[in-house]
Amino acid sequence: MSEESAIRVMIVDDIADTCDQLEKLLYFEKDIAVVGKAYNGREAVEMARERRPDIILMDINMPEMDGITATEAILNHDPTVQVIIMSVQGETDYLRSAMMAGAREFLVKPVSADDLYKSIRHVYKLGQSRPRVASRAGADAPAGDTAVSRGKLFAVYSPKGGVGTSVVAANLAVALRQMTQKKVALVDGNLSLGDINVVLNLRSERTIVDLADRVADLDSELINDVLATHAAQIKVLLAPPNPQTGELVTADHLRVILEALLKEFDYVIVDTHSSFQDRALAVLDIADRILALMTLEMTCIKNIKMFLEVTELLGYPGDKLMLILNKADNRMGIRVENVENNIQHKVALQIANAPYEMTLSINQGVPLVIARRDHRAAKDIFALARELAQLTNSDASEKRNPQAATTQKRQDGGGFLGLFSRKA
């Protein structure tokens with residue numbers, strides 16, 4: 001493979017031996033070409049402008065200019081470059097700093113050859129797909145066809161585990177089906193330790209791996225054959241039975257599968273893994289709305305604030321994200337208004353705390369919106385489903401009459417803030 005068609009990689013590290021070792025590891029990879037080596041951040045900024053690499057392997061701690069500052073400078077000049085930060089330190093603060101600077105992945109040194117190859121190729125593919133994803137499916141198609149037939153994808157996500165994404169995703173899928181009578185698919189996006197099968201008491205030998213294995217042959221018949229059917233008449237794509245099998249499903253598999261589902265279903269709900277890794281980002285990129293769940297715990301609030309900063313760096317539009325307060329309870333010692341002021345973001349909707357009822361519904365395998373439809377938490381989830389259905393109708397109306405929709409947005413205050421004209 002010629003250097004022109006290979007993945008162009010630049011290595012930045014103040015230790016010359018480390019640069020040489022990384023170069024040797026990449027030498028025999030035919031689809032990767034090392035186009036330069038820099039030994040401090042300032043030199044890296046200059047070299048990046050000259051060599052125009054696809055990927056930069058960037059060390060954090062360097063003289064003259066550190067890797068975080070260099071990354072920010074490089075991406076300010078050329079946002080298409082994909083940066084992989086490397087450090088001997090694996091603390092959360094380093095990861096946060098790397099993500100805030102715009103890095104796509106974080107590797108802890110010493111880096112194994114397999115991890116290095118995998119990271120470079122995954123980040124490169126993510127960078128190649130981003131313009132296509134950002135343009136939205138059907139944006140370049142002739143008016144009236146693909147854009148109309150595509151469903152809506154809602155990613156239920158939290159940067160902190162234990163917030164209740166699986167339970168909310170499952171209940172939301174059922175509520176959308178009951179409210180709209182449209183075709184709804186629920187996807188367990190936690191490919192390592194998915195819980196949707198437990199929450200819904202579903203058993204199936206077929207999982208997302210069966211679609212990933214035949215990703216080039218996806219059609220309606222195969223999709224419906226693999227998806228399990230719940231009693232509430234939603235279709236469910238279950239996670240693999242163990243973490244080892246889940247590793248076989250890549251971010252590219254996930255993108256193709258989700259786009260195929262969007263051609264078959266009106267709504268696709270994804271219980272999204274709590275991480276910033278490529279598979280989670282693939283879901284968030286494709287999503288029409290990210291339902292970001294938080295609770296009134298300081299650790300969760302801290303992670304949500306970080307996530308909001310990351311979404312800005314990723315270039316997500318404001319109306320792509322809805323902040324949802326789950327397990328809402330005024331006895332937690334923290335006021336919602338204070339949280340909103342701290343994170344500079346409004347809470348779109350609150351789901352009442354129901355620890356006993358939710359736990360019972362999980363143990364029985366019956367969603368709360370079915371078992372206790374009159375419960376406050378169930379009513380809140382139906383309110384969320386109604387909000388999403390209305391947003392979908394609004395999006396469709398805007399496509400049919402964009403000028404009128406623009407005028408209405410101006411009257412309502414526009415964009416994301418228009419969602420909060422009423423108190424949640």
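Only the coordinates and a few stated rules stand behind these numbers; no lab work does. Only a predicted model underlies this, so the values are computations on that prediction, with no experimental measurement involved. Every residue, glycine among them, receives a Cβ derived from its backbone with ideal geometry; neighbour counts consider all protein chains shown.
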Practice item. Describe numerically, in nm with one decimal, the distance between label points set 7 Å from Cα along Cα→Cβ at THR245 and at GLU50. Key: 5.3
Exercise for review: Using only Cα positions of region 225-289, each an equal point scatterer, no hydration layer, compute I(q)/I(0) via Debye at q = 0.14, 0.23 Å⁻¹ and quote the log10 values to two decimals.
Suggested key: -0.44, -1.19
Exercise for review: Could you line up TYR27, TYR316, TYR124 from fewest to most neighbouring Cβ atoms inside 10 Å?
Suggested key: TYR27, TYR316, TYR124
**Study point:** Translational D in µm²/s for region 146-420 (Stokes-Einstein at 25 °C, 0.890 mPa s, Kirkwood Rh from C-alpha pairs)
**Key:** 129
**Study point:** Under 30 Å from LYS235, Cα to Cα: lysines that are on another chain or at least 8 residues apart
**Key:** LYS125, LYS152, LYS160, LYS182, LYS183, LYS263, LYS320, LYS327, LYS379, LYS399
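Using 1/(1 + (r/R0)^6) with R0 = 30 angstrom and r between the beta carbons of VAL215 and LYS302, what's the FRET efficiency to the nearest 0.05?
0.20
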Exercise for review: For region 307-377, would you read off the P(r) tail past 17 Å as a percentage of all alpha carbon pairs?
Suggested key: 57
Exercise for review: May I ask you to sort PHE154, PHE307, PHE28 by Cβ crowding, counting other Cβ atoms within 10 Å and putting the fewest first?
Suggested key: PHE28, PHE307, PHE154
Check your understanding: How about region 213-315: which GluC sites (Glu not before Pro) there lie in a loop by DSSP and see at most 14 other Cβ atoms within 10 Å?
Key -> GLU247
Check your understanding: In a Debye calculation with equal point scatterers on the alpha-carbon sites of region 7-134 and no solvent, what is log10 I(q)/I(0) at q = 0.10, 0.19 Å⁻¹?
Key -> -0.26, -1.02
Review point. Which distance in nm do the two modelled labels at GLU205 and ILE370 give, with both placed 7 Å along the Cα-to-Cβ direction?
Key: 2.4
Point to revise | Bins of 5 Å, starting at 0 and running to the largest distance - Cα pair percent for region 174-215 | key: 6, 16, 23, 24, 18, 11, 2
Point to revise | Likely footprinting exposure, SER204, SER87, fewest C-beta neighbours within 10 Å first | key: SER204, SER87
